[in-house]
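Q: There's a structure below that I have some questions on.
The values are calculated or read from the model by the stated rules, or taken from the named source; none is laboratory data. All values reported here derive from a predicted model rather than from experimental measurement. A quick note on method: Cβ atoms are made from the backbone with ideal geometry, for glycine too, and the neighbour counts reach across all protein chains shown. Remember, those area values only see protein heavy atoms, side chains included, never the ligands or the DNA or RNA. Shrake-Rupley method; radii C 1.70, N 1.55, O 1.52, S 1.80 Å.
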Amino acid sequence: MYRTNTCGELNLAHCGHEVTLAGWVQRVRDLGAMTFIDLRDRYGITQLVTDEHTPEHVKEAVNHLGREFVIQAKGIVRERASKNKNISTGDIEIEISSIRVLSKSEVPPFTIQNDTDGGDDLRMKYRYLDLRRPMVQQNLFLRANMAHVTRTYLSEQGFIETETPVLIKSTPEGARDFVVPSRMNPGEFYALPQSPQIFKQLLMVAGFDKYFQIVKCFRDEDLRADRQPEFTQIDCEMSFVEQEDVLNTFEGLTRHLLREIKGVEVDAFPRMPWSVAMEKYGSDKPDIRFDMFLHEMTDKLKGKGFQVFENAPYIGGICVSGCADYTRKQLDELTEWVKRPQIGSKGLVYIKLNNDGTIRSSVDKFYSEEDLKGIAGLMGAKQGDLILILSGEREHTQNALGLLRIEMANRLGLRPKDVFKPLWVVDFPLLEWNEETKRYFAMHHPFTSPKPEDIALLDSDPGKVRANAYDLVINGVEIGGGSVRIFDSQLQATMFRILGFTPAQAEAQFGFLMNAFRYGAPPHAGIAFGFDRLVSMFAGLDSIRDVIAFPKNNSGRDVMNDSPSPISDDQLEELNLIINLPKEK
Ligand code: ASP
């Protein structure tokens, strides 16, 4: 038996017991007469001690220990003289009588404790060492726990966990596919699933009624803090349901997770149409922990000769509480902030409602004090507030204001990580116009059904058609999305036509789905949650990387095993990826 106990469980009740522990040496402190060793495993840290009673050979062995050696130590539990309230085993220590080195360690490249001295890159290269750090482990244990709770909950609700293939024919979710060459079928490729979308719909045709899977998905996109080339979804599909049934079921799951994992009860999730989210929050994933709504002022600010506004299709502003004392320097810096390419505004107009009752703006030349007071009144601003105004093309400016709103809320500390405010954003547009390619794309995916009352607009004004599509948003993060599906092969064919597929292309790519719909497809709908995002939000983290055991870096590389990497000519040839040119004579 390697150990009688773990390093996280001994306390005063064990005093006098002989125990054997095993783990990693975190630290050795030699105080002359006594030596202390912090022994660590997944469960905690226990202090081992040698003193004048310790046999010489044990002291000798301790002298040769280094950081991260794996050892086994036997000894008697005793009460500590100076207790450590910060750890569960802080009342006791082990007076060791024997020690065995199970495995030596080279000096690790960084210290393996919560406040490590290792930089990001180094920790990624030695991820297995980073994963020894308790705070990193905690994130992954949280992940395991959330997966377990989700599985139990959905299974109890009658969902059948079903695996779908990883080597598939491409399913469009709006990203590029990762592809895998087929050795047995020269010149042909599998795609890795961007999601199991088509398979779960086929499972509904097959009569599974309720499906779920916690599943890896792959998308070849540019990476950001909340994106990885491979990520995990809680993926679901249900038959004979309407939108409300899906929302209620997954509101139930979210509420259950919040309760079980975080001990938090939340109100019923509001449902907000996409158009309202854009108008009031400048975002399709509004953070509703705070108000600071957008106010459209397009009609109110025109006619005073300020050319920028005269020419703008949209003018809108936000009112930031208590920021009238922003200095010139701060306002200049904010102006630079909105001009960054990510925000893309041309400039920023401000109105200050000073605490002394005066009102000042960056457009005093064009607007009288009366005008400014009128605007402030319309926006519900009060003394001490700062009004920030942007103008330009409607959706672009709403988005910019939405980002400015988040930035100001961050500065004001209005986004506490331990408050959870979920909502459903509903009634998304079905289609999105792409200026570059001059054609429509499905905003969610091509299998999403239009709202029945909007179907008539499909040919005349496709951009106006709303979808039976919904997103779950928590604290400004899109946690999940789904839709009611098209289950009629005729309507699906129309949809493919509007998306620019010829009937032959649609047949080649999705023929099997349309075929399946010819054999009795039930009405169905579904959703997928981004599991990594959900876990990182529950962990209070900003990046999903920290909740993934072996993540990739921002260039999609695994710097630990150095992949992607070239493969041998033999492999390339076997996969028919190089044509063997005749050898030169
Ligand atoms: N397959 C979709 C996605 O990955 C989710 C869904 O529509 O159920 O976003």
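Q: Please identify the pairs in which a residue from the range 436-455 that is in contact (Cβ under 8 Å) with a residue 60 or more places away in the chain has its Cβ atom under 6 Å from the Cβ atom of a residue that is within 11 Å of the ligand (Cβ to nearest atom) and open to solvent by less than 50 Å² (accessible area, probe 1.4 Å), counting only partners at least 6 apart or on another chain.
A: Short answer, once both residue conditions are applied: 445/173; 447/485.
Q: So, in the range 36-46, exactly how many residues are buried (at least 20 other Cβ atoms within 10 Å of the Cβ) and either under 18 Å from residue 97 (Cβ atoms) or polar (S, T, N, Q) (or both)?
A: Summing the residues that are buried (at least 20 other Cβ atoms within 10 Å of the Cβ) and either under 18 Å from residue 97 (Cβ atoms) or polar (S, T, N, Q) (or both) in the range 36-46 gives 3.
Q: Tell me yes or no: at least one residue of the range 528-545 is closer than 24 Å to residue 194 by Cα, more than 16 Å from the ligand (Cβ to nearest atom), of a type in the set (Asp, Glu) and at pLDDT below 95.
A: Checked against the condition, which is being closer than 24 Å to residue 194 by Cα, more than 16 Å from the ligand (Cβ to nearest atom), of a type in the set (Asp, Glu) and at pLDDT below 95, the range 528-545 yields at least one hit.
Q: Go through the range 439-474 and count every residue that is away from the ligand (no atom under 16 Å from the Cβ) and among the small types (Gly, Ala, Ser).
A: Residues in the range 439-474 being away from the ligand (no atom under 16 Å from the Cβ) and among the small types (Gly, Ala, Ser): 3 in total.
Q: State whether the residues of the range 357-364 include one that is surrounded by 15 or more Cβ atoms within 10 Å (Cβ to Cβ) and in contact with an Asp or Glu (Cβ under 8 Å, 6 or more places away or on another chain).
A: Yes, there is a match, as at least one residue in the range 357-364 is surrounded by 15 or more Cβ atoms within 10 Å (Cβ to Cβ) and in contact with an Asp or Glu (Cβ under 8 Å, 6 or more places away or on another chain).
Q: Could you check how many residues of the range 256-275 are open to solvent by less than 50 Å² (accessible area, probe 1.4 Å) and assigned to a helix (DSSP H, G or I)?
A: 5
Q: Somewhere in the range 229-248, is a residue touching a helix residue (DSSP H, G or I) at 6+ places or on another chain (Cβ under 9 Å), more than 16 Å from the ligand (Cβ to nearest atom) and acidic (Asp, Glu)?
A: No, the range 229-248 contains no residue that is touching a helix residue (DSSP H, G or I) at 6+ places or on another chain (Cβ under 9 Å), more than 16 Å from the ligand (Cβ to nearest atom) and acidic (Asp, Glu).
Q: Tell me, which helices (runs of 4 or more DSSP H) wholly within the range 71-169 include 1 or more residues that are among the charged types (D, E, K, R) and farther than 30 Å from residue 253 by Cβ?
A: Passing ranges, in order: 120-125, 127-130.
Q: Of all the strands (runs of 3 or more DSSP E) wholly in the range 419-534, which have at least 1 residues that are of a type in the set (Val, Ile, Thr), open to solvent by less than 10 Å² (accessible area, probe 1.4 Å) and under 22 Å from residue 214 (Cβ atoms)?
A: 469-474, 477-484, 524-530
Q: What about residue 226, is it within 15 Å of the ligand (Cβ to nearest atom), touching a residue at least 60 places away in the same chain (Cβ under 8 Å), assigned to a strand (DSSP E or B) and surrounded by 17 or more Cβ atoms within 10 Å (Cβ to Cβ)?
A: Spelling it out, it is not the case that residue 226 is within 15 Å of the ligand (Cβ to nearest atom), touching a residue at least 60 places away in the same chain (Cβ under 8 Å), assigned to a strand (DSSP E or B) and surrounded by 17 or more Cβ atoms within 10 Å (Cβ to Cβ).
Q: Give the range 475-491 a look and list any residue that's within 16 Å of the ligand (Cβ to nearest atom) and not acidic (Asp, Glu), or say none.
A: 477, 479, 480, 481, 482, 483, 484, 485, 486, 487 - these are the residues of the range 475-491 that are within 16 Å of the ligand (Cβ to nearest atom) and not acidic (Asp, Glu).
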